[in-house]
Structures are given as C-alpha cells and as structure tokens.
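See structure below.
The values are calculated or read from the model by the stated rules, or taken from the named source; none is laboratory data. Note that the structure is predicted; figures quoted are calculated from it, not measured. Cβ sites come from the backbone with ideal geometry, for glycine too, and all protein chains shown count toward neighbours. Ligands, DNA and RNA are stripped out before the accessible areas are found, and what is left, the full protein with its side chains, is counted by its heavy atoms. Shrake-Rupley method; radii C 1.70, N 1.55, O 1.52, S 1.80 Å.
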Amino acid sequence: LAVGAGQPGARYLASGDARWRFLGGKLYAMGQGGTLLFPTAEGTLRPGAFASVGLGVDNAR
C-alpha cells in the first residue's frame, strides 16, 4: 500500500508471509513480517516493522 508514491513524505506499508509444510503436510511453520506506521505525539508518523512466527497442525490431511 502506498500513498503519495514518488512525492516527498510518501507513506508506504508492505507485508508478506510464508508457510512451510513438514511430515507429509501434517505440520506447518508460518512466518510473517512487514512494515507499519506509528503515530507520534507531534502528529507525525514514524516507520516501524513487525514479525511473527507460528506452528500448526493440519488434521484434515
């Protein structure tokens, strides 16, 4: 997502995720990450980042 792309003070956000399957597809690991904007007391936006990981089981397989 981009607002004001190509102009001074442009704002942008990006994220992505991936999933890997193990043990014939019954177990998976997931990772996600991206950028975000934090509001400050002055009313401006400060860029930041986030990341997360997880594990899961797919009983339907």
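The peptide list 54-60, 30-36, put in order of mean Cβ contacts within 10 Å with the highest first, becomes 30-36, 54-60. Accessible surface area normalised per residue over the chain is 80 Å², counting heavy atoms of protein chains with a 1.4 Å rolling probe.
For the chain, the equivalent ellipsoid built from the Cα gyration tensor has semi-axes of 36, 13, 7 Å, listed from largest to smallest.
Element breakdown for the chain at a 1.4 angstrom probe: carbon and sulfur atoms account for 60% of the accessible area.
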